[in-house]
Amino acid sequence: MRSAASFPIRDSLLPVVGVVVLVLLWYAAIAAKLVDPVLLPSPWETMKAMWTGVADGTLLHDFLRTVERTILATLIAMVLAIPLGIVLGSWPRLYLALEFVIDFFRSTPASAMFPLFLVVFGVGDETKILVATFGAALVILFNVAYGVMNARKNRLLAAKVMGASRARILFEVTLLESLPQTFVGLRNGVSLALVIVVVAEMFIGSADGLGHRVFEAQQLLQMPDMYAAIFAAGALGYCLNLLFQVAERRLVHWSGK
Amino acid sequence: MARLAVALKEVPVVDVPHVTVRGLRKSFGSVTIYDGFNVDIPRGRFVSIFGPNGCGKSTLINLIAGLIPVDGGEIRIGGKPVRDVRIGYVFQNYREALFPWLRAIDNIEYPLRVAKVPKAERDARVARLVAKFDVKIDLKRYPYEMSGGQQQLVSIMRALIVEPEVLFLDEPFSALDYEMTLFMRDQLQHIFNETRMTMVLVSHDLEEAVYMADKVLLLSRAPTTIADYPEIPCPRPRNPETLVDPVFTQLRGHCLDVFQREVRKS
């Protein structure tokens with residue numbers, strides 16, 4: 001393999017290259033004094049801030065609070081949206097009647113709903129979680145309904161011709177058929193929930209969470225802490241996505257085949 | 001006695017209607033496919049359906065199998081409505097007909113689970129059926145891990161596991177390569193010779209339709225009528241030599257003439 005000879009790096013290590021390049025550029029920017037050192041601490045300082053935050057428990061606490069809110073919002077969204085999506089998907093005429101409403105609110109930035117939810121639910125945790133639930137639920141609902149509606153007709157007919165009852169077809173064929181699309185909804189839903197939770201933590205009288213930490217560090221001009229919190233939020237988003245990908249590969253092994 | 005029974009089986013003297021279609025009506029939108037259509041499909045015989053595009057070949061077996069509702073008319077299988085009859089159906093698109101979340105063996109077994117057959121009996125029946133097929137497939141695999149031919153073979157086994165009264169096949173080999181098609185025709189004929197169950201094959205390949213069949217149902221353009229319904233008296237098992245048998249070539253020629261006459265009518 002000529003390409004392997006010219007780049008003596010194993011394929012599995014290639015993703016590391018991007019990280020190394022980013023860190024080097026970061027150092028280079030500091031060395032060249034391209035950015036005010038107050039605004040851009042070195043990678044090393046950021047790493048130290050991250051380590052201190054984990055060691056003294058403050059970053060870890062904020063991280064776990066954000067995880068808790070995001071997971072809770074996603075779970076509530078799943079409980080609400082999956083059954084409803086199945087119902088709507090099984091009754092395409094009902095879905096058509098509601099499609100515009102669902103699409104409209106799905107397209108509405110959930111952040112625009114903060115003031116409304118604040119008035120209704122107060123400044124507590126409920127508001128943060130419920131706004132995220134709102135955003136995630138519509139995404140999940142939309143995907144589940146489409147997954148059910150687009151179930152391969154042949155598979156349903158195959159079950160029907162065997163004499164399967166409607167309930168059996170729904171639970172043993174349609175639902176499994178919709179799983180790949182449901183997982184698309186879940187991955188998008190959890191990502192959106194994280195975005196909303198982090199934003200909510202910044203602006204709605206919040207005492208903890210990664211959003212709060214980023215915002216506070218910025219206000220106090222503690223830049224290493226701010227970058228550390230940003231990276232922690234990035235890692236969280238990445239891991240949540242990965243979690244759902246692994247779950248999908250396990251549960252929906254036939255997806256895309 | 002035994003020899004006599006075999007002889008009677010081989011040459012049914014009188015056709016006994018198994019599937020009866022009377023006054024069938026079906027339209028799709030403003031297009032009328034069937035408007036008072038009648039046909040009998042004889043018990044224990046192999047009928048191929050052939051005709052011009054859009055004449056409703058697949059629609060006919062879908063209507064008989066109860067996959068789509070009729071607009072009017074009566075369809076009976078052995079005197080009973082289809083919902084009271086065990087039937088098997090093999091789809092053209094095996095990729096979309098098998099359940100990809102089940103292993104091949106569980107796909108085959110699934111109709112028995114629907115019929116609430118106990119586990120031990122399900123296993124025994126699957127084992128018996130697999131033994132009948134002279135193929136080496138790892139049935140622990142998922143359908144998407146198999147070749148097209150293997151998948152369609154699994155589909156056929158799934159249709160046969162309930163020992164149906166009638167087996168419907170909707171262009172089952174059209175997505176397979178030629179070598180696999182020939183192999184599958186042999187497999188199907190082998191099953192037919194062993195079970196003598198009523199089989200109805202929709203085919204878009206005239207040679208296949210005639211080669212497989214005891215009778216070829218030739219349809220006209222829509223609104224569809226029977227253009228002809230000839231017997232194919234070639235002996236079974238049929239093999240490549242059948243293709244050059246004068247009786248076979250003459251009947252294939254006749255079917256082609258009927259077909260072309262119907263196509264030109266439009």
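The values are calculated or read from the model by the stated rules, or taken from the named source; none is laboratory data. As the structure is a prediction and not an experimental result, all values here were calculated from the model. FYI the Cβ positions are ideal-geometry reconstructions off the backbone, even for glycines, and counts take in every protein chain you see. When the accessible area is computed, the model is the full protein with side chains, heavy atoms only, and any ligands, DNA or RNA have been set aside. Shrake-Rupley method; radii C 1.70, N 1.55, O 1.52, S 1.80 Å.
Would you check which residues across the range B:225-246 are open to solvent by less than 20 Å² (accessible area, probe 1.4 Å) and within 19 Å of the chain's Cα centre (by Cα) and list them?
The answer is B:P230, B:I232, B:C234, B:R238.
State which residue is nearest to B:L169 (Cα to Cα) when the search covers only the range B:19-55 and only residues that are within 16 Å of the chain's Cα centre (by Cα) and charged (D, E, K, R).
Selected residue: B:R45.
I'd like to verify a number: residues in the range B:72-97 that are under 26 Å from A:G256 (Cβ atoms), touching a residue at least 60 places away in the same chain (Cβ under 8 Å), surrounded by 22 or more Cβ atoms within 10 Å (Cβ to Cβ) and facing chain A (nearest Cβ under 8 Å), how many?
1
If I go through the range A:200-229 residue by residue, how many of them are outside any helix (DSSP H, G or I) and surrounded by fewer than 24 Cβ atoms within 10 Å (Cβ to Cβ)?
Residues that pass the stated criteria total 8.
For the range B:11-66, which fully contained strands (runs of 3 or more DSSP E) count at least 3 residues that are in contact (Cβ under 8 Å) with a residue 60 or more places away in the chain and open to solvent by less than 10 Å² (accessible area, probe 1.4 Å)?
It comes to B:31-42, B:46-50.
Might you let me know whether the range A:176-199 holds any residue that is buried (at least 18 other Cβ atoms within 10 Å of the Cβ) and in a loop (DSSP other than H, G, I, E, B)?
Looking through the range A:176-199, none of the residues is buried (at least 18 other Cβ atoms within 10 Å of the Cβ) and in a loop (DSSP other than H, G, I, E, B).
Taking the criterion of being open to solvent by less than 70 Å² (accessible area, probe 1.4 Å) and farther than 24 Å from A:S206 by Cβ, would at least one residue in the range A:64-74 satisfy it?
Here is the first cut: in the range A:64-74, the residues open to solvent by less than 70 Å² (accessible area, probe 1.4 Å) are A:65-67, A:69-71, A:73-74.
Next cut, farther than 24 Å from A:S206 by Cβ only: none.
No: zero hits.
Quick check on the range A:139-169: of everything there that is touching a residue at least 40 places away in the same chain (Cβ under 8 Å) and open to solvent by 50 Å² or more (accessible area, probe 1.4 Å), which residue is nearest to A:I102 (Cα to Cα)?
A:Y146
So which pairs qualify, if the first residue must be in the range B:242-255 and without any contact (Cβ under 8 Å) to a residue 40 or more places away in the chain, the second must be outside any helix (DSSP H, G or I), the Cβ gap must be under 7 Å, and the two must be at least 6 apart or on different chains?
Note: pairs meeting the criteria are B:T242/B:C234; B:D245/B:C234; B:V247/B:P233; B:V247/B:C234; B:F248/B:C234; B:H254/B:P230.
What's the total number of residues in the range B:225-243 that are part of a loop (DSSP other than H, G, I, E, B) and β-branched (V, I, T)?
Matching residues across the range B:225-243 total 2.
Search the range A:154-170 for residues being at the interface with chain B (Cβ under 8 Å from one of its Cβ atoms), of a type outside the set (G, A, S) and in a helix (DSSP H, G or I), and hand back the single one that is farthest from B:A115 (Cα to Cα).
A:N154
What are the residues in the range B:102-137 that are within 10 Å of chain A (Cβ to nearest Cβ) and either in contact (Cβ under 8 Å) with a residue 40 or more places away in the chain or within 12 Å of B:I156 (Cβ to Cβ) (or both), if any?
Listed by number, the residues that qualify are B:L102, B:N107, B:Y110, B:P111, B:L112, B:A115.
Have a look at A:L80, A:L22, A:L39 and point out the one that is more than 22 Å from A:M202 (Cα to Cα), outside the structural domain of A:A136 (by TED's automatic domain parsing) and not β-branched (V, I, T).
Values: A:L80 fails: outside the structural domain of A:A136 (by TED's automatic domain parsing); A:L39 fails: more than 22 Å from A:M202 (Cα to Cα).
So the residue among A:L80, A:L22, A:L39 that is more than 22 Å from A:M202 (Cα to Cα), outside the structural domain of A:A136 (by TED's automatic domain parsing) and not β-branched (V, I, T) is A:L22.
Based on this model, can you work out whether B:G73 counts as more than 19 Å from B:L217 (Cα to Cα) and of a type outside the set (D, E, K, R)? Please lay out each step first, then the result.
Working: more than 19 Å from B:L217 (Cα to Cα): yes; of a type outside the set (D, E, K, R): yes.
So B:G73 passes the test.
I'd like the residue in the range B:107-161 that is in contact with a Pro (Cβ under 7 Å, 6 or more places away or on another chain) and assigned to a loop (DSSP other than H, G, I, E, B) and, out of all such residues, is surrounded by the fewest Cβ atoms within 10 Å (Cβ to Cβ).
Among them, the one singled out is B:Y142.
Any residue at all in the range A:239-251 that is surrounded by 19 or more Cβ atoms within 10 Å (Cβ to Cβ) and under 10 Å from A:D62 (Cβ atoms)?
No - not one qualifying residue is present in the range A:239-251.
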